[in-house]
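A.B. asks: One structure follows; several queries about it will come next.
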Amino acid sequence: MNGSSAGTFVPEPSWLTLPFWEHANRGVLCRQKCASCGYDMFPPQFACRRCLGTDLPWVSSSGRGRIYSFTILDMGTDGRPLPQQKVLADVDLEEGWHMMTNVVGCPPDRVSFGMEVRVVWQRLSDRINLPVFVPE
Ligand SMILES: [Zn+2]
């Protein structure tokens, strides 16, 4: 963690996740889609989880989806209480893939299963533009 606001984890791109962060830097949410079988994958993999194919081009998403599951966090990744609660959610994107993310722009007690959400971006550094979701 480096100079972020309390409880905000700043991701460090790896060789595997770098394409995701490069797209994110331009405000494009994407996932890998297997060229052999069409399976959508996130988080990034080096081989398809369904057919083990290794041709995994990055494909953009509309950034629209629904909350599949969520929990309300009181503590940050450093174990300290957060200044305000955060919502950690598993969002089901409309293209049929999932990502773990935060839901913002809405009181935590208003978040519900199946709620329609869309991506917005939080710039954490010159390299990291973090996708988070707001109610649609
Ligand atoms: Zn595949």
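A.B. asks: What are the pairs with Cβ atoms under 6 angstrom where one residue, in the range 36-47, is within 12 Å of W97 (Cβ to Cβ) and the other, located anywhere, is open to solvent by 30 Å² or more (accessible area, probe 1.4 Å)? Sequence gap at least six, or different chains.
C.D. replies: Y39/R50; D40/K33; D40/G96; P44/L16; P44/T17
A.B. asks: Then there's this: Of everything in the range 29-69, what is of a type outside the set (A, V, I, L, M, F, W, C), more than 13 Å from the ligand (Cβ to nearest atom) and part of a loop (DSSP other than H, G, I, E, B)? Give them in sequence order.
C.D. replies: Scanning the range 29-69 gives P43, P44, S61, S62, G63.
A.B. asks: Also, I was wondering about something else. Residue by residue through the range 10-40, note down the ones that are modelled with pLDDT under 95 and touching a strand residue (DSSP E or B) at 6+ places or on another chain (Cβ under 9 Å).
C.D. replies: Selection gives V10, P11.
A.B. asks: Okay, moving on. What's the total number of residues in the range 49-68 that are without any contact (Cβ under 8 Å) to a residue 24 or more places away in the chain and in contact with a strand residue (DSSP E or B) (Cβ under 7 Å, 6 or more places away or on another chain)?
C.D. replies: Number of matching residues: 1.
A.B. asks: Any residue in the range 69-90 that is more than 20 Å from F9 (Cα to Cα), at pLDDT 95 or above and either buried (at least 16 other Cβ atoms within 10 Å of the Cβ) or out of contact with any strand residue (DSSP E or B) (no Cβ under 9 Å at 6 or more places or on another chain) (or both)?
C.D. replies: No; the residues of the range 69-90 include none that is more than 20 Å from F9 (Cα to Cα), at pLDDT 95 or above and either buried (at least 16 other Cβ atoms within 10 Å of the Cβ) or out of contact with any strand residue (DSSP E or B) (no Cβ under 9 Å at 6 or more places or on another chain) (or both).
A.B. asks: So is P43 open to solvent by 70 Å² or more (accessible area, probe 1.4 Å), of a type outside the set (F, W, Y) and closer than 21 Å to V91 by Cα or not?
C.D. replies: Criteria met by P43.
The values are calculated or read from the model by the stated rules, or taken from the named source; none is laboratory data. Bear in mind that the values here come from a model prediction, so they are computed numbers and not experimental data. We place every Cβ from the backbone using ideal geometry, glycine too, and count neighbours over all the protein chains shown. Heads up: the accessible areas ignore ligands, DNA and RNA and are worked out on the full protein's heavy atoms, side chains in. Shrake-Rupley method; radii C 1.70, N 1.55, O 1.52, S 1.80 Å.
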